[in-house]
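These notes are about the structure you will find just below.
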Amino acid sequence: MASGGFKVFGAPPVKWRTAEVENVMYSRLVTFAPRVPWDVFVRDILDWRYGEHVTLIGPTGQGKTTLLSHLLPLHKYVAVMATKPRDDSMDAIIRGGYHALREWRSLDPREYPRRVIWPPANDLDKMISEQRTEFHRTFGKIYKEGGWTVAIDEAWWFSNVLGLGEDLKIYLLQGRSMGISLLAASQRPSKIPLEFYDQSTHLFFWRDNDETNLGRISGIGWRSSGLIREIVANLEEHQVLYINTRTGQMCRTRSPK
């Protein structure tokens with residue numbers, strides 16, 4: 001049963017939907033996840049405290065990186081992990097005042113509060129081993145310092161390619177006590193550790209009709225997981241469902257372009 005005793009059924013395939021079914025589904029969206037403008041969402045709804053984690057889940061091209069970039073200014077001390085040889089999004093972040101580093105350095109955070117850690121990634125033979133070594137070292141240094149918000153643009157890459165899933169689990173499970181927030185995005189929700197779901201206070205989901213990915217939502221064990229799955233499958237393009245796991249609040253919004 002969902003909130004208010006509302007029984008949740010899976011949404012029927014689009015080709016089987018009638019106008020009546022569409023109206024019912026729209027009513028459920030409005031009731032359980034009202035639409036909120038981005039500025040109102042940031043001002044009145046999003047309460048991202050230090051030590052709380054944020055996870056962004058959705059297919060490529062839906063706006064995860066854009067939303068991530070709009071969340072970064074909400075915290076003072078931010079370290080962004082860059083992995084691609086070239087990345088326009090990271091270049092834009094650096095132009096916005098972030099200090100680019102090839103490796104973590106013990107700089108005064110009052111002078112360098114915003115950083116992009118970008119190890120070399122041009123040599124295919126060395127890229128993975130060098131990134132694994134440097135990011136593992138960086139995670140360890142940040143863990144000792146505490147107080148940082150760490151942003152990664154693809155949790156699947158860190159967990160499955162670089163083999164740093166245990167580092168991320170430690171951040172998710174113990175980072176709160178160190179004042180560390182993890183801000184992570186992924187387009188492969190079924191391939192990242194469950195801790196991204198059950199340890200994150202703030203979850204953002206974009207439209208997804210992949211049964212494997214939707215099944216991951218249903219398998220989390222939340223009381224309203226069936227409802228969440230239904231809303232995610234029926235979001236508009238570039239629209240995002242926000243869930244606060246601390247309060248249970250849900251709404252839909254869009255980040256600015």
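The table for this structure:
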| read-out | value |
| --- | --- |
| Surface per residue (accessible, 1.4 Å probe) for the chain, Å² | 50 Å² |
| Most fluctuating residue given options Thr83, Thr149, Thr133, as computed from a GNM of the chain linking Cα atoms under 10 Å | Thr133 |
| Listed residues Arg105, Arg115, Arg229, most fluctuating in the chain (Gaussian network, C-alpha, under 10 Å) | Arg105 |
| In nm, spacing of pseudo-spin labels at His99 and Leu194 (7 Å Cα→C-beta vector) | 4.1 nm |
| Rg followed by Dmax, in Å, when the chain is reduced to its Cα trace | 18.9, 61 |
| Fully extended contour minus Cα-Cα distance, from Lys141 to Glu237, at 0.36 nm per residue | 30.7 nm |
| Surface accessible to a 1.4 Å probe, Tyr77 within the full protein complex, Å² | 60 Å² |
| Dipole magnitude of the stretch 107-220 about its Cα centre (Cβ charges: Lys, Arg +1; Asp, Glu -1), debye to nearest 20 | 280 debye |
| Tyr112 accessible area, assembled protein chains, probe 1.4 Å, Å² | 80 Å² |
| Inverse mean reciprocal Cα-Cα distance (Kirkwood Rh) of the stretch 160-257, Å | 14.4 Å |
| Percent of Cα-Cα distances greater than 23 Å, calculated over the stretch 35-184 | 34 percent |
| Estimated vicinal HN-Hα couplings, Hz - the stretch 197-211 in sequence order (Karplus 6.51, -1.76, 1.60; Gly, Pro = x) | 8, 7, 10, 8, 7, 10, 10, 10, 10, 9, 4, 8, 10, 6, 5 |
| Long-range tail of P(r) for the stretch 110-229 (Cα pairs > 25 Å, %) | 30 percent |
| Share antiparallel - DSSP beta bridges, the chain, percent rounded to 5 | 25 percent |
| Sum of -39500 (n - 2.57) over DSSP H runs of 4+, divided by residues of the chain (222 nm, nearest 500) | -9500 deg cm²/dmol |
| For the stretch 80-164: Kirkwood Rh in Å [reciprocal of mean 1/r, alpha carbons] | 13.3 Å |
| Solvent accessible area, Å² - Trp206, 1.4 Å probe, full protein context | 0 Å² |
| Ranking by accessible area, most exposed first, for Trp148, Trp38 with a 1.4 Å probe | Trp38, Trp148 |
| Rounded FRET efficiency, nearest 0.05, which uses the C-beta distance separating Asp39 from Ile170 and R0 of 35 Å | 0.50 |
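The values are calculated or read from the model by the stated rules, or taken from the named source; none is laboratory data. Computed from a predicted model, the values in this text were never measured in an experiment. In this analysis, Cβ positions are derived from the backbone assuming ideal geometry, glycine residues included, and neighbour counts consider all displayed protein chains. Ligands, DNA and RNA are excluded from the accessible area calculation, which covers all protein heavy atoms including side chains. Shrake-Rupley method; radii C 1.70, N 1.55, O 1.52, S 1.80 Å.
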